[in-house]
Amino acid sequence: MPGRKPAPPLHPYKTAEAYRFRWFYVIESWIASGASVLDPEGVRLRLELDASPQEIGEAVKTALDASRFMPRDSHSFAELFRRALKATPDEDAARFLEMAPVRTRTSLYRDARNCGIRTQGSRIIITPMEKDGPGGWSGMRRVEDIDIPEAADAAEIGRALLRGFELAR
């Protein structure tokens, strides 16, 4: 009886998440491994809503530079992924609530937007996300990713993320 073919190896990539709340932006580095999880040792950058596309793009570049790739079969990644799955919505929102002038998840996530950001080859892919409850996000159907060169200048990257936030729901 033949066994299943092993999954092809993943090519290393980098990933980040960007959020637009009513008061500020947050851009965080994540750990990439086929599935992504928040990097507890990564960067979390807070920018004011009046930040320029240049400043936003620089934050995206910083977060992607700080992102780490871990093989799927890595014990470290498995442990981080298990911990992320066990996190309650309140625990997950706490990192944003400490920055916001509100105290509840419902108030925090009202009108919030989220975009996933990843490198793929020499490209940066920005994926507008759709709210799936307070603090939950999922990919949007019928909305194309925004694809720009990784070598793009910071202002172009910032403008692309702002377009992503306009498409996100």
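The values are calculated or read from the model by the stated rules, or taken from the named source; none is laboratory data. Since the structure is predicted, the reported quantities are computational estimates derived from the model, not experimental observations. Heads up, the Cβs are rebuilt from the backbone with ideal geometry, glycines too, and the neighbour counts pull from every protein chain shown.
Residue selection: residue 101 satisfies the criterion of being exposed (fewer than 15 other Cβ atoms within 10 Å of the Cβ), more than 19 Å from residue 52 (Cα to Cα), out of contact with any strand residue (DSSP E or B) (no Cβ under 9 Å at 6 or more places or on another chain) and touching a residue at least 12 places away in the same chain (Cβ under 8 Å). Note on segment 1-52: residues that are more than 26 Å from residue 136 (Cα to Cα) and at pLDDT 95 or above amount to 1.
Among the residues of segment 10-45, those identified as charged (D, E, K, R), in a loop (DSSP other than H, G, I, E, B) and buried (at least 21 other Cβ atoms within 10 Å of the Cβ) are 14, 39.
Residues in segment 28-44 that are among the hydroxyl-bearing types (Ser, Thr, Tyr) and under 17 Å from residue 60 (Cβ atoms) were compared, and the one that is nearest to the chain's Cα centre (by Cα) is 29. Looking at the structure I just gave you, is residue 56 touching a residue at least 40 places away in the same chain (Cβ under 8 Å), over 19 Å from residue 86 (Cβ atoms) and of a type in the set (Val, Ile, Thr)? Against the criterion (touching a residue at least 40 places away in the same chain (Cβ under 8 Å), over 19 Å from residue 86 (Cβ atoms) and of a type in the set (Val, Ile, Thr)), residue 56 qualifies. Note on segment 85-126: residues that are closer than 23 Å to residue 140 by Cα and among the hydroxyl-bearing types (Ser, Thr, Tyr) total 4.
When each of 113, 95 is tested for being within 14 Å of residue 21 (Cα to Cα), crowded, with 19+ Cβ neighbours inside 10 Å and not small (Gly, Ala, Ser), the lone residue that passes is 113.
Every residue in segment 87-119 that is under 17 Å from the mean Cα position of the chain (by Cα) and either hydroxyl-bearing (Ser, Thr, Tyr) or assigned to a strand (DSSP E or B) (or both), please. Once the filter is applied, which keeps residues that are under 17 Å from the mean Cα position of the chain (by Cα) and either hydroxyl-bearing (Ser, Thr, Tyr) or assigned to a strand (DSSP E or B) (or both), segment 87-119 yields 109, 113, 114, 115, 116, 117, 118, 119. Report yes if residue 52 is surrounded by 15 or more Cβ atoms within 10 Å (Cβ to Cβ), closer than 23 Å to residue 149 by Cβ and of a type in the set (S, T, N, Q), otherwise no. No: the conditions fail for residue 52.
Checked against (1) hydrophobic (A, V, I, L, M, F, W, C); (2) outside any strand (DSSP E or B); (3) under 22 Å from residue 43 (Cβ atoms), residue 126 passes all but condition (2).
Within segment 59-79, restricting attention to residues that are without any contact (Cβ under 8 Å) to a residue 60 or more places away in the chain, surrounded by fewer than 17 Cβ atoms within 10 Å (Cβ to Cβ) and among the charged types (D, E, K, R), the residue that is nearest to residue 156 (Cα to Cα) is 65.
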